[in-house]
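The values are calculated or read from the model by the stated rules, or taken from the named source; none is laboratory data. Everything numeric in this text was worked out from a predicted model, so none of it was measured. Here the Cβ positions follow ideal geometry from the backbone for every residue, glycine too, while neighbour counts run over all protein chains shown.
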Amino acid sequence: MKILTSAQIRELDKYTIEHEPITSLDLMERAAESLSEEIMKHWDSSTPVVVFAGPGNNGGDALAIARMLLEEGYSVSTYLFNVKGKLSSDCEANYERLQKKHDKSIQEVRQEFDPPQLNASTLVVDGLFGSGLNKPLSGGFASVVRYINASDAQVVSIDVPSGLMTEDNTFNVRQNIIKADRTFTLGMKKLCMMMPDNQQYIGKLKVLDIGLSQEFIDKADAQFRILEDSMVTRLIKPRDPFAHKGTMGHALLVSGRYGMAGAAVLAAKACLRSGTGKVTVHTPKRNNDILQISIPEAIVSHDRHDEMISYAPHANDYNAVGIGPGIGTDDITAVAVMTLLRNANVPVVVDADALNILATHKAWMQQLPAGLIYTPHPGEMNRLCDTPPTDDYDRLMKARDMAQRLRGYVILKGHYSALCLPDGQVLFNSTGNAGMATAGSGDVLTGIITSLLAQGYSAFEAAVIGMYAHGAAGDRAAKKLGMSSLIASDIIENLRINE
């Protein structure tokens, strides 16, 4: 599923109007019908409705919704903010339609605004501004937004909460953004909806299909996409019925200083569960009994040091390597990590403390080979940046830049984990849940991706399948146990590859 920019969304509307063909006013009517139906599913006619409409097409949608709700017996009060005395043509047409049938229900605001009483039983329909907004709200509109937010009313936003910009909100004025309980967005998700720090404004999100041109969407050059099941399943290779452990890959995991053996256990179990033929775990000697008892299927390679990683085996003796979970950041370990990364001629996943080591030795990053997969969580990504990100959008852009600069693959982990590709494209994961915010979840992801690499998947394929399968396993586990009770081992138990 593609995520289009605000400029592309305008072109999509225009293309739909020209090629369906349909008038822009009729397209607005179609959108309003979908929005009204969705509102009526959640609030019945006993709910008093207050509609706030802006002067543009988002306001036109809101006015059409007001008319439709009135026709269904709802009590609706509408405020049209026309402070500059200029409405978009479709907004003006819907104003005239509403006036003609329900003149007493609408008040046009030109200068002074006497705000209505809003309480917990009121539904506010936010139609002030939509996806075309390109600067923070100020003045009277900002005051209206703050008034709505200060009330106990339930709020539903049309397309995008007013004040929230479609892409970059780094320099937005956050208190001047509507905090919606629900957002009904038209056609597709917007980039701002994928950012964790914007969820407080969006509330529960639903995408409404209003029949926008699929032909245009298919042809559009989108830098951001959301992974769909069909895209992932196409990448999964059928398992050879004559396969044996020698043909299914041998993975090396460099993991687990003393006291962090659990990271090695989780990564190794996930690696084996994901289908690789053999897994070797390189770990300090004192972890031997823990590994041998916890996961007898794995081979244990002992480091010379009793408690930390002091060197790494030759990576080229294996089909793929995962390095970092629980290894610590001691100087001797840092040298071992860089030696492996610089000399590896096989696919490598760089995670956890291996990322933290790179963050404290940024000059080393210039020596890294192309094609590595990096899996930072937000804190690790912050440390990898020369300047701390200001928000989630800025962090994503920095991860995207890192992927391009290092010619590698960066999975920025989160609710919508984002896979940043070397060519600048970004793929958001559509699986996973808040229950996966638990220690060891990242170690499991490292094991999955390393396993796929060892089996011969490309870095792109392994990252896509691994990210998606990891989230899907978490969803299965949450369905069985609930999110609060989910632990990393449950993700492993619910892993399914080749299904």
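Report yes if some residue within segment 281-302 is crowded, with 24+ Cβ neighbours inside 10 Å, among the hydrophobic types (A, V, I, L, M, F, W, C), in the same structural domain as ALA473 (by TED's automatic domain parsing) and under 30 Å from the mean Cα position of the chain (by Cα); otherwise report no.
Checked segment 281-302: no residue is crowded, with 24+ Cβ neighbours inside 10 Å, among the hydrophobic types (A, V, I, L, M, F, W, C), in the same structural domain as ALA473 (by TED's automatic domain parsing) and under 30 Å from the mean Cα position of the chain (by Cα).
Considering only segment 16-49, state which residues are under 28 Å from the mean Cα position of the chain (by Cα) and more than 13 Å from GLY73 (Cα to Cα).
THR16, ALA31, ALA32, SER34, LEU35, GLU37, GLU38, ILE39, LYS41, HIS42
Only one of ARG407, ARG395, ARG383 is among the charged types (D, E, K, R) and crowded, with 17+ Cβ neighbours inside 10 Å; which?
Working: ARG407 fails: crowded, with 17+ Cβ neighbours inside 10 Å; ARG383 fails: crowded, with 17+ Cβ neighbours inside 10 Å.
Going through ARG407, ARG395, ARG383 in turn, just one is among the charged types (D, E, K, R) and crowded, with 17+ Cβ neighbours inside 10 Å: ARG395.
Please go through segment 285-306 and pick out each residue that is in contact with a Ser or Thr (Cβ under 9 Å, 6 or more places away or on another chain) and within 12 Å of LYS269 (Cα to Cα).
Of everything in segment 285-306, those that are in contact with a Ser or Thr (Cβ under 9 Å, 6 or more places away or on another chain) and within 12 Å of LYS269 (Cα to Cα) turn out to be LEU291, ALA298, ILE299.
Can you confirm whether MET1 is under 32 Å from the mean Cα position of the chain (by Cα) and modelled with pLDDT under 95?
yes
Hey, which of the helices (runs of 4 or more DSSP H) in segment 161-251, taking only ones fully inside, have at least 3 residues that are outside the structural domain of HIS42 (by TED's automatic domain parsing)?
In segment 161-251, 229-235 are the helices (runs of 4 or more DSSP H) which contain 3 or more residues that are outside the structural domain of HIS42 (by TED's automatic domain parsing).
Can you run down the residue pairs with Cβ atoms below 7 Å, 6 or more apart or on separate chains, where the first is in segment 292-306 and within 13 Å of SER255 (Cβ to Cβ) and the partner is surrounded by 15 or more Cβ atoms within 10 Å (Cβ to Cβ) and aromatic (Phe, Trp, Tyr)?
ASP303/TYR311
For segment 314-331, check the following and say yes or no: at least one residue is in a loop (DSSP other than H, G, I, E, B), surrounded by fewer than 24 Cβ atoms within 10 Å (Cβ to Cβ) and among the hydrophobic types (A, V, I, L, M, F, W, C).
no
Which numbered condition trips up PHE113, out of (1) free of Cβ contacts under 8 Å to residues at least 40 places away in the same chain; (2) of a type in the set (Phe, Trp, Tyr); (3) under 19 Å from LYS190 (Cβ atoms)?
It fails just one condition, (3).
For segment 333-355, enumerate the residues that are surrounded by fewer than 24 Cβ atoms within 10 Å (Cβ to Cβ) and charged (D, E, K, R).
Within segment 333-355, ARG342 is the sole residue that qualifies.
Mind listing whichever residues of segment 1-48 are within 24 Å of ASP168 (Cβ to Cβ) and not basic (Lys, Arg)?
Listed by number, the residues that qualify are MET1, ILE3, LEU4, THR5, SER6, ALA7, GLN8, ILE9, GLU11, LEU12, ASP13.
Which one of the conditions (1) of a type outside the set (S, T, N, Q); (2) farther than 27 Å from PRO238 by Cα; (3) free of Cβ contacts under 8 Å to residues at least 24 places away in the same chain does ALA434 fail to meet, given that it meets all the rest?
All conditions pass for ALA434, except number (3).
Across segment 456-499, what is the number of residues that are within 16 Å of ALA320 (Cα to Cα) and surrounded by fewer than 22 Cβ atoms within 10 Å (Cβ to Cβ)?
So the count comes out to 4.
Please tell me if LEU80 is among the hydrophobic types (A, V, I, L, M, F, W, C), within 13 Å of VAL50 (Cβ to Cβ), assigned by TED's automatic domain parsing to the domain that holds GLU38 and at pLDDT 95 or above.
yes
Out of all the residues in segment 336-360, which are within 17 Å of GLY371 (Cβ to Cβ), of a type in the set (S, T, N, Q) and assigned to a helix (DSSP H, G or I)?
Scanning segment 336-360 gives a single hit, ASN343.
Do any residues in segment 372-398 that are in contact (Cβ under 8 Å) with a residue 40 or more places away in the chain have Cβ atoms under 6 Å from those of residues that are of a type in the set (A, V, I, L, M) and in a loop (DSSP other than H, G, I, E, B), where the two are at least six apart or on different chains, and which pairs are they?
Between residues of segment 372-398 that are in contact (Cβ under 8 Å) with a residue 40 or more places away in the chain and residues that are of a type in the set (A, V, I, L, M) and in a loop (DSSP other than H, G, I, E, B), the close pairs are ASP392/MET195; TYR393/MET195.
Being among the hydroxyl-bearing types (Ser, Thr, Tyr) and buried (at least 23 other Cβ atoms within 10 Å of the Cβ) is true for just one of THR47, THR78. Which residue is that?
Result of the check over THR47, THR78: THR78.
Considering only segment 327-355, how many residues are under 19 Å from LEU266 (Cβ atoms), touching a Leu at 6+ places or on another chain (Cβ under 9 Å) and not acidic (Asp, Glu)?
5
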